[in-house]
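Here is the structure we will look at.
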Ligand SMILES: [Zn+2]
């Protein structure tokens with residue numbers, strides 16, 4: 001029993017090596033390039049990289065994020081190996097977990113959801129959604145596929161509306177800043193990537209669950225914004241910056257979908 005748990009731990013370790021690698025190179029080079037040291041820029045040998053060694057040129061050790069991701073994902077793989085979400089099944093659970101981890105890490109570090117990851121997510125989303133409605137809910141294949149696609153359309157459409165609302169707020173804020181004699185900082189709270197993410201999560205959850213999934217994500221995002229707002233008020237840093245914070249971000253949307261798929 002305990003020995004076999006080494007299997008999911010090793011799978012999780014390998015999966016998070018992939019997440020760390022993609023998070024290190026994709027935002028910078030947009031391709032599967034050889035990893036480089038973020039401190040001195042020297043290329044890192046693949047073997048050193050996979051063994052999480054420090055940079056041979058400047059001695060800087062691997063980032064804290066690298067280690068947090070490795071540990072969190074390996075432990076999560078073990079947990080969901082034991083308590084596998086019934087509707088998802090084991091393989092899809094682990095793949096979806098890896099995909100979620102990648103989106104969250106890149107979004108937290110760069111406030112960016114890369115288009116290629118959304119394309120992969122859409123393919124994964126159709127498979128996950130169709131599987132859930134076909135296997136777990138017993139719909140015929142065509143209807144299951146339809147349920148997934150409809151969910152994708154709803155998720156994409158809703159997030160598109162939120163995006164337009166965000167653009168309106170950003171426009172209003174830019175005008176206020178101009179009126180106050182400040183330069184427009186081009187700050188955009190809600191990126192286009194979040195719209196695609198809404199579509200991906202919709203495909204996964206299907207039309208029956210996408211509304212709850214987004215709602216959980218938005219509530220969580222609102223709660224986090226509220227905490228930030230209170231913190232800012234306590235420190236008397238109130239400004240029109242606060243206009244921007246009641247808007248959900250990728251990691252919160254992922255958290256909502258994660259709850260629905262893995263814990264709900
Ligand atoms: Zn270095």
For this session: Using label points projected 7 Å from each Cα along Cα→Cβ, tell me how many nm separate residue 177 and residue 259, to one decimal.
Result: 3.2
Seminar exercise, completed: When 46, 67 are arranged by how many other beta-carbons sit within 10 Å of their Cβ, fewest first, they go 46, 67
Exercise. How long is the stretch 1-83 along each principal axis, judged by its Cα atoms, biggest number first, in Å?
Worked result: 44, 25, 19
For this session: Kindly state, to the nearest 0.05, the FRET efficiency for residue 50 paired with residue 224, given R0 = 41 Å and r defined as their beta-carbon distance.
Result: 0.75
Problem set entry | Nitroxide proxy distance, nm - points 7 Å out along Cα→Cβ at residue 232 and residue 79 | 3.1
Problem set entry | Exposure proxy ranking, count of Cβ atoms within 10 Å, fewest first, for 97, 263, 203 | 263, 97, 203
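Give the order of 260, 177 when sorted by the count of other beta carbons within 10 angstrom, beginning with the fewest. It would help to have the intermediate numbers written out before the result.
Working: 260 22, 177 16.
Starting with the residue having the fewest Cβ neighbours, the order is 177, 260.
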For this session: Provide, in order from the shortest bin, the percent of all Cα-Cα pairs of the chain in each 5 Å bin, continuing until the bin that contains the maximum pair distance.
Result: 1, 6, 11, 14, 16, 15, 13, 11, 8, 4, 2, 0, 0, 0
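Could you give the length gained by full extension between residue 64 and residue 4, i.e. 0.36 nm per residue of separation minus their alpha carbon distance, to one decimal place? Spell out each step's value before the answer.
Values: separation 60, 0.36 × 60 = 21.60 nm, distance 2.84 nm.
Net length gain for the segment: 18.8 nm.
On full extension of the chain, what length is gained from residue 110 through residue 208, given 0.36 nm per residue of separation minus the C-alpha to C-alpha distance? Can you show the working numbers first?
Numbers: separation 98, 0.36 × 98 = 35.28 nm, distance 3.18 nm.
Result: 32.1 nm gained on full extension.
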Seminar exercise, completed: Checking 88, 26, 214 against a Gaussian network model of the chain (alpha-carbon springs below 10 Å), the top fluctuating residue turns out to be 26
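Here, each number is a calculation from the coordinates, and none is a lab measurement. Everything numeric in this text was worked out from a predicted model, so none of it was measured. Quick reminder, even Gly has a Cβ in these numbers, built from the backbone with ideal geometry, and neighbours come from all protein chains shown.
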